[in-house]
Amino acid sequence: MDRVNKRRLMIGVNLLRGCLVALIPLIQSLALIYFLLLLISMIGAFFGPSSNVYITKLVPQENRKRFNSIMSMTNSGAFLLGPALAGVLIMAFGTDICIWINSIAFLICAFCLYLLPNVDEKREVREPKRWKTIVDDWKTVKAFVVRARFFMMIYLLFQTAMLFGFALDSQEVTFIKQNLHLSDQAYGLIVSITGLGAIVGAAVATMLAKRINLKWYLGGGLFLTMIGYFLFYSSVNFLTATVAFVFLGFFMAFANAGYATFFQNQVPVHLMGRFGSLADMIQAVIQIVLTLLLGFFAEWFSLQMVCLLFSIVGMVVALNLLVKITRTSKASFFEESGEGISK
């Protein structure tokens with residue numbers, strides 16, 4: 001991935017996804033539809049690491065925290081408005097038309113990417129894809145991991161806490177229905193209000209980007225996010241669950257912006273695609289395992305008790321991260337215009 005032009009790769013990914021999504025209404029076989037969705041998901045996996053590298057090259061280091069906060073706000077807005085808009089379109093035009101609209105959206109995205117500047121070198125050195133190339137890539141990533149010990153400690157602590165959070169996300173519907181005895185409409189309202197909280201949080205993070213140090217976005221945002229999970233699974237009714245989720249969404253915007261900025265500043269841009277792809281694969285496996293473990297223990301014990309235990313573990317990991325980055329002498333890792341290790 002690091003050897004190809006990122007802009008062209010993102011354009012190609014969106015074109016492929018758009019064409020494949022357009023085929024879904026034309027297929028009658030359910031098994032074939034599942035296979036097509038799997039293929040779309042596999043192709044989409046190339047977009048995240050590529051876009052991260054592209055953003056790192058395009059956005060100056062001193063503006064990345066503000067940019068990531070704005071992007072978090074737009075993502076939260078899409079999360080809030082997307083389902084509502086989809087519901088209206090489905091009622092008005094039907095499912096097939098909505099799927100084709102989604103397909104067109106991918107094509108429009110590809111065109112917008114085409115209008116963006118090309119940040120990669122004009123001359124690309126294409127190497128033959130051999131087994132030796134893959135082994136060399138692993139060795140390169142391993143060498144970076146061994147060299148950047150402080151970065152890896154922060155990275156692992158952050159991702160560990162977030163993986164516990166992702167596992168807790170899988171049980172939120174069950175908890176709301178089983179423990180709080182709320183309806184589907186109440187759950188939808190909670191999610192919508194949470195989206196508003198995330199938008200407000202991202203807007204505040206954008207406004208404070210020049211005033212608050214990156215370490216507080218990263219460590220403080222994550223710790224308060226984990227507290228939000230604990231408060232949610234401690235809730236007893238609709239009001240307390242809603243307040244907890246709004247609290248969680250508000251501070252998750254800070255955590256996401258802080259993590260994205262820290263990652264972009266510290267991972268060498270020529271290695272970012274390979275490191276990100278490998279890390280995403282490992283994290284996906286761990287997330288599946290944690291989700292299965294949470295569901296397994298929830299069958300043996302109370303769902304609320306298990307979720308509270310998972311959220312406490314996440315809080316402890318996040319607190320450990322916050323303490324380490326506030327007490328560290330490596331201040332350059334959290335400076336917007338510092339050299340870091342990506343240079």
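Flag: F144 does not match the condition of being crowded, with 19+ Cβ neighbours inside 10 Å and either at pLDDT 85 or above or within 25 Å of R327 (Cα to Cα) (or both). All conditions in (1) in contact with a Ser or Thr (Cβ under 9 Å, 6 or more places away or on another chain); (2) surrounded by fewer than 21 Cβ atoms within 10 Å (Cβ to Cβ) hold for V285, with the sole exception of (1).
When we screen F150, F166, F175 for residues that are in a helix (DSSP H, G or I), in contact with a Lys or Arg (Cβ under 7 Å, 6 or more places away or on another chain) and among the aromatic types (F, W, Y), the only hit is F150.
Sub-7 Å Cβ pairs linking a first residue in region 63-84 that is at pLDDT below 70 to a second residue that is part of a helix (DSSP H, G or I) and surrounded by fewer than 17 Cβ atoms within 10 Å (Cβ to Cβ), at least 6 apart or interchain, are L80/S192; L80/L196, ordered by first then second residue. Among residues of region 191-203 that are closer than 13 Å to A78 by Cα and open to solvent by 40 Å² or more (accessible area, probe 1.4 Å), none has a beta-carbon under 6 Å from a residue that is modelled with pLDDT of 85 or more and of a type outside the set (V, I, T) at least six positions away or on a different chain. Checked against the criterion of being aromatic (F, W, Y), touching a helix residue (DSSP H, G or I) at 6+ places or on another chain (Cβ under 9 Å) and in contact (Cβ under 8 Å) with a residue 40 or more places away in the chain, region 219-229 has at least one qualifying residue. A Cβ distance below 6 Å, combined with a sequence gap of six or more or placement on separate chains, defines the contacts here; from region 175-189, residues that are small (G, A, S) reach residues that are open to solvent by 50 Å² or more (accessible area, probe 1.4 Å) and part of a helix (DSSP H, G or I) in the pairs A186/F238. Checking T225, T240 one by one, the residue that is modelled with pLDDT of 90 or more, among the β-branched types (V, I, T), open to solvent by less than 10 Å² (accessible area, probe 1.4 Å) and out of contact with any Cys (no Cβ under 7 Å at 6 or more places or on another chain) is T225 and no other.
Scanning region 264-290 for residues that are under 16 Å from S50 (Cα atoms), hydrophobic (A, V, I, L, M, F, W, C) and in a helix (DSSP H, G or I) yields a total of 5. The residues in region 11-35 that are assigned to a helix (DSSP H, G or I) and exposed (fewer than 12 other Cβ atoms within 10 Å of the Cβ) can be counted, and the count is 4. Of the set (1) open to solvent by 60 Å² or more (accessible area, probe 1.4 Å); (2) within 18 Å of the chain's Cα centre (by Cα); (3) touching a residue at least 12 places away in the same chain (Cβ under 8 Å), all apply to M42 but (3).
The values are calculated or read from the model by the stated rules, or taken from the named source; none is laboratory data. Keep in mind it's a predicted model, so treat the numbers as computed, not measured. So basically every Cβ, Gly included, is an ideal-geometry build from the backbone, and we count neighbours across all protein chains shown. Side chains included, ligands, DNA and RNA excluded: accessible areas come from the protein's heavy atoms. Shrake-Rupley method; radii C 1.70, N 1.55, O 1.52, S 1.80 Å.
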